[in-house]
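See structure below.
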Amino acid sequence: MKITPQCVVALTWTLKDTLGDVLDELDEPVEFLLGGNDLLAKIEEALQDHQAGDQLELHLEPENAFGDYDENLVFLEARTLFPAELEEGMTFDGAAMPAGATAQIPHDHIYTVTEIYPEHVVLDGNHPLAGIAIRLTAKIESVREASELEIGQGSLGTGFFKLESLTPGNNTLH
């Protein structure tokens with residue numbers, strides 16, 4: 001079966017930066033919904049009309065990947081606003097910032113704690129791969145038709161490096 005605009009594709013891949021450093025390796029196939037919210041547009045575009053067994057080599061500039069780095073999405077917030085167990089790498093939903101946080105924080109971003117000081121915390125609303133050109137070597141392991149339910153959901157829940165907010169007791173970062 002060839003890949004079409006709304007199907008499910010299982011991929012393995014190696015993701016590198018332009019210096020060749022490995023950023024991510026996916027050894028076991030993971031399914032993604034094409035035509036939904038699971039993959040970057042340029043990856044979906046490149047997959048069209050391919051089939052299981054094909055391999056792709058893609059080079060994505062920041063504007064086609066995770067965007068340019070935006071200094072205006074970095075905020076200093078009082079340390080006292082955050083839980084005692086705060087750690088670098090934890091994420092917070094901009095729409096659910098603690099009371100007392102800077103009013104200018106855009107609510108439509110996920111913020112990563114990048115540094116913790118005694119008096120303040122540095123929050124970065126950029127994707128961790130923002131500003132980085134990436135090279136993706138992907139192998140198409142399988143292709144199948146998407147169910148109506150999958151199409152209706154718009155995702156299989158395995159988004160390509162999408163961030164989700166950490167909640168107490170949940171240590172997953174997608």
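The values are calculated or read from the model by the stated rules, or taken from the named source; none is laboratory data. A quick note: this is a predicted structure, and the numbers were derived from the prediction, not measured. We place every Cβ from the backbone using ideal geometry, glycine too, and count neighbours over all the protein chains shown.
Over 12 Å from E141 (Cα atoms) and in contact with a Phe, Trp or Tyr (Cβ under 6 Å, 6 or more places away or on another chain), is that true of D38? Working first, answer last.
Values: over 12 Å from E141 (Cα atoms): yes; in contact with a Phe, Trp or Tyr (Cβ under 6 Å, 6 or more places away or on another chain): yes.
Yes: the conditions hold for D38.
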>> Quick test of your reading of the structure: D27 fulfils all but one of (1) under 16 Å from K139 (Cβ atoms); (2) in a helix (DSSP H, G or I); (3) free of Cβ contacts under 8 Å to residues at least 40 places away in the same chain. Name the failing condition by number.
In response: (2)
>> For the list (1) assigned to a strand (DSSP E or B); (2) assigned by TED's automatic domain parsing to the domain that holds I116, I need the number of the one condition that H59 fails.
In response: (2)
> With V8, V74 as the choices, which residue is closer than 21 Å to S155 by Cα, of a type in the set (V, I, T) and touching a strand residue (DSSP E or B) at 6+ places or on another chain (Cβ under 7 Å)?
Replying inline: V8
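Please determine, by comparing only the residues of segment 84-102 that are in a loop (DSSP other than H, G, I, E, B) and modelled with pLDDT of 90 or more, which one is surrounded by the most Cβ atoms within 10 Å (Cβ to Cβ). Step through it out loud before you land on a result.
First, the residues of segment 84-102 that are in a loop (DSSP other than H, G, I, E, B): 84-90, 97-102.
Still in the list and also modelled with pLDDT of 90 or more: 84-90.
On the way: A84: 6, E85: 7, L86: 13, E87: 10, E88: 11, G89: 11, M90: 19.
Here the residue is M90.
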